[in-house]
Every structure is written in structure tokens, then in C-alpha cells.
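Colleague: Below is one structure. I have some questions about it.
The values are calculated or read from the model by the stated rules, or taken from the named source; none is laboratory data. Predicted, not measured: the structure shown is a model, and the values here were computed from it. Cβ atoms come from the backbone with ideal geometry, glycine included; neighbour counts cover every protein chain shown. Protein only, heavy atoms only, side chains kept; ligands, DNA and RNA dropped before computing areas. Shrake-Rupley method; radii C 1.70, N 1.55, O 1.52, S 1.80 Å.
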Amino acid sequence: MLFYWLFSYIIGNFLSAWWIGKWKKIDLRKERSGNLGARNAGAVLGKSAFLLTFLGDALKGVVVIYIGFYFEYSLEIIATGGLAVILGHLFPFWLKGKGGKGIATFIGVSLVIEPALFGMLVICFIVLMALLRSATLSMTISFSAYAILSWIIPAFVSLWPLSIAILIILVRHRFDIAESWENRWWKKII
């Protein structure tokens, strides 16, 4: 079990954006936001870099969860593995803790570990996106709803470690959230 969690953290250290940047001979840590995630990769290198980074980062989350299922660990242990892979992505040891922001990896983890709760997150995001017209604010509320539901619905209680991941992800996005809140479209109406 401890080996599974350590392995999950190490898998999280594989940052797709870093490798895609190396392939394109660009250090994404020195470009735009400096973040090693899909959004920055897309902004600097284009749509294909966004897609490859997103898929690569989500896939590592999927792999970690499937490994946990393969070894028939409890859902709580697997969710902790999900937390570990996300922490590896956010705080890679080989880059002195300066990784991505964790969205794609969380999506990979949550899609596989509990598709029903992931579906609720997606529906919440789509509805909020239509109302708020802000991906960042919609993501913030949807992820928060996921965390709350994982605590209050008995079927999802074993997923509590992912609530910790969500909290850290939201902290990593705090400046984006503040900027989106400041630039919200309805502010001009009120």
C-alpha cells in the first residue's frame, strides 16, 4: 500500500508539458505563466500541445487508479493513490516542487475512480459555464461541489482524499480565480 502511494507520486512527476516543451525546444517554465500544465502548453505551443499535455496528464491519473483496482485495494486506498499522483504533478521533486496545477490529472483520477460523481461534476460545470461564462469560476464551484458531495453522500465517503487534492488545486488556482471574479461579465450589469 505504501509502495502504491509512493509509486503514484512518482508517476505524477511525469509532466507532459515539460516533455512536450523539450521536444519543441522550449522551456515552458520560462514562458507566459511558467506553469507546466495544459493551459500554458496550449498558450505557448498551440492546440496540439494543449491536447497532448491534457491527455498525458489525465492518463497518469487513470493509470494509477486502474493499478489500484487491479490490486483490489480499498476505494479509500485508491483515492489516496489518486491524491498522491496529483501531488506528484503539483509538486514534482525533480523540479523543486514547481509542477502543473492538477486539473487534467484530477479529471483522469475522478473519471475512473467514480464515474457517477465525475458525471455530477461535469453536469455542474456545464450548467455553471452556461450561466457564468467563466471556465475558471465554473471549475472552482464544480470541484467544490465534488468535494462536498464526497463527504455528504455515503456512497462517496471513501473518496475523501480527493477533497484534499481539490483544496490544494484551488489554492494553486487562487490568482486565476481572483482574476476571473474581478472580470466576471455580470459585474458590468450590476
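Colleague: Would you work out the relative contact order for segment 1-91, in percent, from Cα pairs under 8 angstrom that are 6 or more residues apart?
Modeller: 41 percent
Colleague: Suppose only helical runs count, i.e. DSSP H with n ≥ 4. What mean residue ellipticity at 222 nm does that imply for the chain under -39500 (n - 2.57) per run, divided by all residues and rounded to the nearest 500 deg cm²/dmol?
Modeller: Mean residue ellipticity, 222 nm, calculated: -23000 deg cm²/dmol.
Colleague: Taking the Cβ of Lys24 as the centre, find all other residues whose Cβ is under 15 Å away and add up their charges (Lys, Arg: +1; Asp, Glu: -1).
Modeller: Computed value for this residue: +4.
Colleague: Contact order normalised by length for the chain, with contacts defined as Cα pairs under 8 Å and 6 or more residues apart; what percent is it?
Modeller: Once divided by the residue count of the chain, the mean separation gives 21 percent.
Colleague: Show me the GluC sites (Glu not before Pro) within segment 1-102 that DSSP assigns to loop and that have at most 10 other Cβ atoms within 10 Å of their Cβ.
Modeller: Glu72
Colleague: Now for a different question. What would the Debye equation give as log₁₀ I(q)/I(0) for segment 1-79 at q = 0.10, 0.14, 0.26 Å⁻¹, counting only Cα atoms as equal point scatterers?
Modeller: Cα-only, vacuum Debye calculation for segment 1-79: -0.29, -0.52, -1.06.
Colleague: Where only protein heavy atoms count, and the probe is 1.4 Å, what is the accessible area per residue for segment 1-86 in Å²?
Modeller: Per residue, segment 1-86 has an accessible area of 56 Å².
Colleague: Quick one: which residues, 5 or more positions from Leu36 or on another chain, have an amide H under 5 Å from its amide H? H modelled 1.01 Å from N in the peptide plane, none for Pro or chain starts.
Modeller: Counting only residues 5 or more places away or on other chains, the set is Gly100.
Colleague: If a helix is a whole DSSP H run, which ones in the chain reach 18 Å or further along their own axis (Cα) and hold a mean Kyte-Doolittle hydropathy of at least -1.0?
Modeller: Length and hydropathy pass: 47-70, 75-90, 115-132, 135-152, 160-172.
Colleague: Would you work out what percent of the accessible area of the chain, with all protein chains in place, is carbon or sulfur (probe 1.4 Å)?
Modeller: After summing per-atom areas, the C and S share lands at 72 percent.
Colleague: Next up: Tally Lys/Arg at +1 and Asp/Glu at -1 over every other residue whose Cβ is under 14 Å from the Cβ of Ser150; what's the total?
Modeller: Net of charged neighbours comes to -2.
Colleague: Now a separate question. Whose amide H sits under 5 Å from the amide H of Lys24, counting only residues 5 or more places off or on another chain, with H placed in the peptide plane?
Modeller: Those lying under 5 Å, H to H, from Lys24: there are none.
Colleague: Have a look at Val85, Leu52, Tyr66 and report the one farthest towards the positive end of the charge dipole of segment 1-118, computed about the Cα centre with Cβ charges (Lys/Arg +1, Asp/Glu -1).
Modeller: Leu52
Colleague: Using Cα pairs under 8 angstrom and six or more residues apart, how large is the relative contact order of segment 33-146, in percent?
Modeller: 24 percent
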